[in-house]
Amino acid sequence: MKNKRQYQNDLSLQSPILLDFEYKQVKVQKMLSVLKDAGMVSDNRNGLAVDIGCSGGFFTYAITPYFHKVVGLDIDTHAIKLANKKNSIENLSYLIGDSLNLPFADKSVDLIICNHVYEHVPDPEKMFCEIYRVLSDNGGCYLGAASRLTLIEPHYHLPLLSWLPKPFAHWYLRAFSKGEYYYEDLRSCGGILKLIRRFNFKDYTLEIITDPDKFYAYDLLPVGGGLRKIPIFIWKIFYKLLPTYIFILKRQRQRQ
């Protein structure tokens, strides 16, 4: 049995859905709508954007019209090789790299995408320290973060998997032939907020629930689905039990 968390190398080989364009497309549209609402992208290209944990590069590709240079970074060599093979965009490149040691200078990155990544890295606190370090004063980070309290675990689609202590979670995976070791370490709402405490942030979660069409949230709230009929005050009451959260993070300004 492994005694500590390790990197999930070649995650896309274990979860091929990460390379599924149709599956990712709605999520890409949701990301772009949030970035536009937050004023993080515009018709005028500027600066550097980095997609951490980019996998097949669907999010990375989507932001290329808005920046002079866009970099997708992942430790998943299989996914990066596929992304590089398909890449024909001049201002886009893909790198095999470590989110705990970002290969960028201090305050050099204008936009960071960090979508459902924190639970895959051995030290998410260090990753957010690195994001803070490289983020420019006027830059921002799009953060999509799944909660431990989600009823259906998003990676293996097993009920309550993320609620279990690790030894039981490993057994649960094996019992359903989903894998040998539960690498992911999802956190509750409070745990996620603790990770981003160093940042100023805007929480888009309830805004997206309130207006799912504006934010292309069809993966979370399908058209005609029963979830759309739930009043917003109910969502607010159960906010800490939501399965996922979306934030825009910014550096805290230094006092003069």
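Data table
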quantity	calculated
Test: residue in region 216-231 that is at pLDDT 95 or above, surrounded by fewer than 12 Cβ atoms within 10 Å (Cβ to Cβ) and more than 20 Å from the chain's Cα centre (by Cα)	yes
Contacts under 8 angstrom Cβ, first residue in region 1-29 being on the phi > 0 side of the Ramachandran plot, partner at pLDDT 75 or above and charged (D, E, K, R), 6 or more apart	D10/D76
In region 32-52, the residues that are surrounded by 21 or more Cβ atoms within 10 Å (Cβ to Cβ) and over 16 Å from L92 (Cβ atoms)	V34, L35, M40
Complete set of residues in region 105-120 that are touching a strand residue (DSSP E or B) at 6+ places or on another chain (Cβ under 7 Å) and either at pLDDT below 95 or surrounded by 16 or more Cβ atoms within 10 Å (Cβ to Cβ) (or both)	V109, D110, L111, I112, I113, C114, N115, H116, V117, Y118, E119
Top-ranked residue in region 53-74 [being over 17 Å from the mean Cα position of the chain (by Cα) and in a helix (DSSP H, G or I); ranked as nearest to Y7 (Cα to Cα)]	T64
Any pair with Cβ under 6 angstrom, 6 or more apart, that starts in region 39-56 at a residue that is touching a residue at least 60 places away in the same chain (Cβ under 8 Å) and closer than 11 Å to V70 by Cα and ends at one that is among the charged types (D, E, K, R) and surrounded by 21 or more Cβ atoms within 10 Å (Cβ to Cβ)	G47/D110; L48/D110
Single residue of region 60-72 satisfying the filter (of a type in the set (A, V, I, L, M, F, W, C) and surrounded by fewer than 24 Cβ atoms within 10 Å (Cβ to Cβ)) that is nearest to V26 (Cα to Cα)	A62
Hits in region 152-183 - residues which are of a type in the set (D, E) and either at pLDDT 95 or above or in contact with a strand residue (DSSP E or B) (Cβ under 9 Å, 6 or more places away or on another chain) (or both)	E153
Qualifying residue in region 35-52 (condition: at pLDDT below 95, closer than 20 Å to N87 by Cβ and within 15 Å of the chain's Cα centre (by Cα))	no
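The values are calculated or read from the model by the stated rules, or taken from the named source; none is laboratory data. The structure displayed is predicted, hence computed values, not measured ones. A quick note on method: Cβ atoms are made from the backbone with ideal geometry, for glycine too, and the neighbour counts reach across all protein chains shown.
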